Every structure is written in C-alpha cells, then in structure tokens.
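Peer 1: Below you will find the structure I want to go over with you.
What follows draws every value from the coordinates through simple rules; no lab data is involved. Treat the numbers as computed from the prediction; the structure is a model and nothing was measured. With ideal geometry, Cβ positions are generated from the backbone for all residues, glycine too; neighbour counts draw on all protein chains shown.
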DNA sequence: TGATCTATGTCGCGT
DNA sequence: ACGCGACGTAGATCA
C-alpha cells in the first residue's frame with residue numbers, strides 16, 4: 001500500500017465524466033493497483049477512485065500540463081472496461097509504502113439472513129400454534145422470506161427486513177397478490193416483520209391488512225441460547 | 001488527516017455487529033473525526049468505518065486487553081446514534097498527520113439527466129407520431145420523467161431508468177394509477193424505458209400493460225450528432 | 001456466468 | 001428533519 005499526499009487534479013472518464021480541481025488530497029494505491037482519492041472530510045466514499053482489476057502507469061505529463069506545473073501523471077486504466085482515471089500531480093508532500101499482507105476479513109452478525117433464521121426457528125413468536133412451512137418459499141416473482149401456517153392452518157407469508165420501510169410492504173403485497181391467486185395456498189395473510197418499522201410503512205401495511213411485528217434480535221438470540229442450554 | 005499503519009483488531013457495534021481479527025491495516029482519521037479502516041485490497045469501501053458526525057477518544061486498554069498486547073484503544077462514538085467503533089492497537093508502524101484544507105469538490109457530467117433529455121428530444125423513437133408534452137411532468141406524488149402523446153393523441157407516461165428493475169415499474173404504476181383518475185389525462189398508458197431491463201421487471205410491467213423499451217444511449221447520441229451535423 | 005437482493009449502503013434533492 | 005430516488009452503487013448468493 002502506497003500513501004501519497006499531493007496537490008493534484010483528477011479526471012475520471014467511464015460510465016460518466018468527473019473532474020476534481022487542483023487541491024491537496026490523499027492518494028491511496030493498494031496492492032492490487034486500485035487507487036482511491038480522498039479528501040479530509042466527507043464519508044468513507046472517495047472523491048474519485050478506480051476499482052480493481054486495473055493497472056496504474058506513471059507517465060510523463062504533456063507539454064501544456066508540464067507548463068501548468070504538473071510534475072507527474074498517474075494513468076489508471078480498468079482492465080475490463082474503458083474506465084480511466086488520470087491524476088495530475090503538482091506537489092508531493094508525502095510518499096510512503098507499507099506492506100500490510102492479506103487481511104483475514106470481516107465477520108458480521110445481525111444481518112437479515114440471521115433474523116430470518118432465528119424467526120424461522122422460533123416461528124411461534126408470531127402467535128400460538130404457528131408452524132413453519134419453509135424459508136425462501138419460491139414464487140414466480142421471487143422468494144418469500146418465510147411461509148408458515150397459523151393455528152387454524154391458514155397460510156401466512158412473512159417478509160423480514162432489518163429496517164422496515166415502504167418498499168418492503170410493496171414487496172410483500174406483490175407476493176400476497178400472487179399467492180392468493182393460487183387455490184392451494186389461498187387465503188394467504190401477510191406479516192411484515194422488522195427490527196424497526198417506519199411509521200409510513202406501518203400505516204401502509206395496516207391499511208392493506210398486513211400485520212406488523214417488531215423483531216427483537218437480542219431477545220430471539222436469547223430464546224435461542226436458553227433453548228440450547230437445555231441440552 | 002492522520003494516517004496510521006498499525007497491527008490492530010476492530011469491533012463495530014450498531015446497526016449490526018462486526019469484528020476484524022488482528023492484522024496490519026491502514027487507519028485513516030479525517031479532520032471531522034471520521035475513521036476509515038482499510039486493508040491493502042478490495043474496493044473503495046473500508047473494512048470498517050465510522051461516519052461523521054462522530055468523536056474519537058484514545059483511551060487506556062483494559063487490563064486483559066493490555067495483557068493481550070494492546071497498547072492503545074481508539075473509541076469512536078457516533079454523535080447521533082449508538083453506533084460505536086473500537087480499534088485495539090497493538091503495534092504502530094507509521095503515524096503521520098497532514099493538513100489538506102477544504103476540497104473544492106467533484107464536478108460531474110451526468111448520465112440519467114442526459115438520457116432523459118435525449119429521449120425527450122427524440123420522442124419519436126417511441127413510435128411514429130409521438131409528441132412531447134413535457135419533461136418532469138408534476139403529479140401529486142412526484143414528477144413523471146416524460147409525458148407525451150401517441151399518434152392518436154392519447155397520453156403516455158414514460159419512466160426512464162438507467163437500469164430498469166421492479167422498483168421502477170412500481171413507481172410508474174403509482175403514477176399511472178393517479179394520472180388515470182384525472183379525466184383531463186385519462187386514459188394514460190405507460191412506457192418503461194431503460195438501457196437495461198431486468199427480466200422480472202419486464203414480466204411485471206408486461207403483466208400490467210406497460211410497454212418496455214430498451215434505450216440505446218449511443219444510438220440516441222448518434223441521432224443527436226447526425227441531426228446536429230445537418231446545421 | 002448471469003440474475004437477483006442486501007447494504008452499517010451513501011449521496012443529493014425536494015418538501 | 002424526513003422521504004424518495006439515483007448511484008461509476010458494491011458485494012453475496014444462488015441458479
């Protein structure tokens with residue numbers, strides 16, 4: 001990994017064109033040749049970048065560029081597309097290289113897949129007598145997160161989101177509409193389950209007769225743990 | 001901006017939990033207090049991060065952490081949520097600070113806006129006799145990209161996407177439903193125009209009587225250029 | 001490899 | 001501040 005602090009301007013041409021006027025920035029060159037241009041603010045997204053696979057070449061500035069004070073040009077070309085990044089370097093304030101080795105990678109916990117698994121395992125939290133039919137129940141327009149049956153044996157489609165907003169309600173509505181055309185399943189009711197449900201989503205769901213359930217991830221994990229402890 | 005290369009482990013707790021095992025990484029602290037943890041590969045997205053507004057405090061490692069070789073702990077707390085990042089630093093291989101000043105920011109040359117403009121200028125590519133009513137036709141629930149009329153004078157609402165997926169079809173459906181309640185406009189048919197249309201989106205659109213049109217950006221540009229060349 | 005879906009999405013705009 | 005749509009979305013999973 002190479003770290004360069006330099007006064008530079010940057011041009012990107014590819015899916016769109018973008019230009020960064022002359023200013024002091026961090027240029028980060030990774031081991032795979034990818035380049036990130038960061039300012040001293042904003043978020044984790046660079047001002048401009050080139051993703052791997054790509055190749056960086058340091059070329060001579062053209063005459064008019066040299067005349068304008070450009071001392072070096074980094075030309076970064078994507079390997080599989082026409083995407084190109086040109087960094088015109090004026091002054092270099094810092095330049096260092098570091099060997100980092102391979103990263104073991106990120107371990108995540110608490111994403112939608114975990115919620116789905118936990119709720120499927122404890123489907124009775126939706127109500128007494130509920131039983132799981134299957135997770136990822138396939139329909140023509142995509143998989144329903146959970147299909148189960150209530151105490152009376154009626155089908156219930158469950159859509160799970162980490163954050164429940166209006167899109168999720170629309171999605172579940174489409175599934176319900178389709179599934180209710182199937183005489184083997186109909187009538188199918190809906191449950192919209194999320195750790196947090198936006199007021200607008202709750203209103204829309206309720207208006208369509210979809211029940212909203214707020215999921216408590218830690219509580220579900222707690223049930224899981226206490227049940228495991230019995231064995 | 002502070003650049004630190006260090007052997008460290010990282011824990012994030014907030015919308016989810018995530019952990020990075022001990023390894024050598026770049027720690028980037030921006031002027032606004034935000035922190036990025038980068039490995040020497042992958043994409044422009046950091047392995048872990050904390051977005052502004054947030055505050056970083058360097059605290060003493062706990063006894064068991066110190067015993068495990070931790071020499072310093074960065075505790076980064078988001079200002080408006082419970083999101084927290086803890087960086088346990090073992091060895092520091094590099095540490096430097098740089099004053100970058102404020103960045104003038106990125107200048108973009110848009111794509112979607114350009115596509116809309118091109119299609120509006122060549123609305124006849126949708127069919128003979130089509131005429132433009134207006135771009136960004138305002139409705140109660142938002143602007144329709146293009147409103148035009150077909151050869152028979154019937155209203156046609158056009159939704160333009162770079163990538164046409166199911167959301168775009170839903171969006172256009174909402175517009176059509178609303179506009180068809182307006183006796184001045186009704187009947188309004190829909191055209192879903194995109195550079196690329198996903199099969200599921202095409203199926204849903206067709207099922208709802210919405211015509212799908214694949215846009216060729218270069219061809220539209222070509223028409224544009226050849227027409228310009230006439231003058 | 002292509003299609004679909006999630007994301008600690010982020011970003012920018014309009015109300 | 002909130003909602004909504006675009007993004008050079010990127011990344012994972014599954015057929």
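Peer 1: For segment B:131-193, state the semi-axes of the equivalent ellipsoid (square roots of 5 times the eigenvalues of the alpha-carbon gyration tensor), sorted largest first and rounded to whole angstrom.
Peer 2: Square roots of five times the eigenvalues give 18, 13, 10 Å.
Peer 1: Taking N as the number of residues in the protein assembly as shown, what is its alpha-carbon radius of gyration divided by 2.2 N^0.38 Å?
Peer 2: Cα Rg divided by the expected 2.2 N^0.38 Å: 1.20.
Peer 1: May I pose another question? Within 10 Å of each Cβ in A:42-49, how many Cβ atoms from other chains are there, averaged over the peptide?
Peer 2: Counting Cβ atoms of other protein chains within 10 Å of each residue's Cβ and averaging gives 6.
Peer 1: Another question, then. Taking chain A as a Gaussian network, where each spring joins two C-alpha atoms under 10 Å apart, which residue of A:115, A:36, A:16 fluctuates the most?
Peer 2: A:16
Peer 1: Same structure again: Just to confirm my numbers, what's the Cα centroid distance between segment A:168-231 and segment A:39-72 in Å?
Peer 2: Value for the Cα centre distance between the two parts: 49 Å.
Peer 1: Specify the angular offset, from 0 to 90 degrees and rounded to the nearest 10, of the alpha carbon long axis of helix A:166-179 from the longest principal axis of the alpha carbons in chain A.
Peer 2: 50 degrees
Peer 1: Moving on. Which value in deg cm²/dmol, rounded to the nearest 500, describes the helix-derived mean residue ellipticity at 222 nm for chain A, given -39,500 (n - 2.57) per DSSP H run of n ≥ 4 and division by the residue count?
Peer 2: Working: 5 runs with 51 residues, N = 231.
After summing the helix terms and dividing by residue count, I get -6500 deg cm²/dmol.
Peer 1: What are the distances, in nm and sorted shortest first, from the label point of residue A:53 to the label points of the same position in each other copy, with each label point placed 7 Å from Cα along the Cα-to-Cβ direction?
Peer 2: 4.6
Peer 1: Quick one: order A:7, A:161, A:108 by neighbouring beta-carbon count within 10 Å, fewest to most.
Peer 2: Lowest to highest Cβ neighbour count: A:108, A:7, A:161.
Peer 1: Please give, to one decimal in nm, the separation of the simple spin-label points placed at residue A:134 and residue B:211, each 7 Å out from Cα toward the Cβ.
Peer 2: Here the modelled spin labels are 4.0 nm apart.
Peer 1: Moving on. What number do you get for segment A:2-97 when its Cα radius of gyration is normalised by 2.2 N^0.38 Å, N = residues?
Peer 2: Here the Cα radius of gyration is 1.00 times the empirical estimate.
Peer 1: What does the copy distance list look like for residue A:186, label position 7 Å along Cα→Cβ, in nm and ordered from shortest?
Peer 2: 2.6
Peer 1: Sequence gap at least 6, Cα distance under 8 Å: using those rules, report the relative contact order of segment A:14-85 to the nearest whole percent.
Peer 2: 26 percent
Peer 1: So what's the angle, to the nearest 10 degrees on a 0 to 90 scale, between helix B:217-229 and the longest Cα principal axis of chain B?
Peer 2: 60 degrees
Peer 1: Now for a separate question. Hey, could you grab the Kirkwood Rh for segment A:112-229? Inverse mean 1/r over distinct alpha carbon pairs, Å, one decimal.
Peer 2: One decimal place: 14.3 Å for the Kirkwood radius.
Peer 1: While we're here: Calculated FRET efficiency, residue B:102 and residue B:184, Cβ-Cβ r, R0 41 Å, to nearest 0.05? Present the calculation step by step, with values, prior to reporting the outcome.
Peer 2: Details: r = 50 Å, r/R0 = 1.22.
Using R0 = 41 Å, I get an efficiency of 0.25.
Peer 1: Residue B:19 versus residue B:64, label points 7 Å from Cα toward the beta carbon: distance in nm?
Peer 2: About 1.1 nm separates the two model spin labels.
Peer 1: Kindly give the semi-axes, whole Å and largest first, of the ellipsoid equivalent to chain A, taking each as the square root of 5 times a Cα gyration tensor eigenvalue.
Peer 2: Values: eigenvalues 578, 88, 48 Å².
The three semi-axes for chain A are 54, 21, 15 Å.
Peer 1: Rank A:15, A:163, A:202 by mean-square fluctuation in a GNM of chain A with C-alpha springs under 10 angstrom and give only the top-ranked residue.
Peer 2: Sorting by GNM fluctuation, first place goes to A:15.
Peer 1: State the Kirkwood hydrodynamic radius of segment B:69-159 in Å, one decimal place, computed from all pairs of distinct Cα atoms.
Peer 2: 18.9 Å
Peer 1: Now, a different point. Over chain A, with a Gaussian network built from C-alpha contacts below 10 Å, which listed residue (A:101, A:42, A:129) shows the highest mean-square fluctuation?
Peer 2: Of A:101, A:42, A:129, the most mobile in the Gaussian network model is A:42.
Peer 1: If you don't mind, there's one more thing I want to ask. What order, most packed first, do the peptides A:205-213, B:64-72, A:180-188, B:46-54 have when packing is the mean number of other Cβ atoms within 10 Å of each residue?
Peer 2: B:46-54, A:205-213, B:64-72, A:180-188
Peer 1: Just to confirm the numbers: residue B:101, label point 7 angstrom along the Cα-Cβ line, distances to the other copies in nm, shortest first?
Peer 2: Copy-to-copy label distances at residue B:101, shortest first: 4.0 nm.
Peer 1: Moving to a separate point now. Given Cα pairs under 8 Å that are at least 6 residues apart, what percent is the relative contact order of chain A?
Peer 2: Worked out over chain A, it gives 13 percent.
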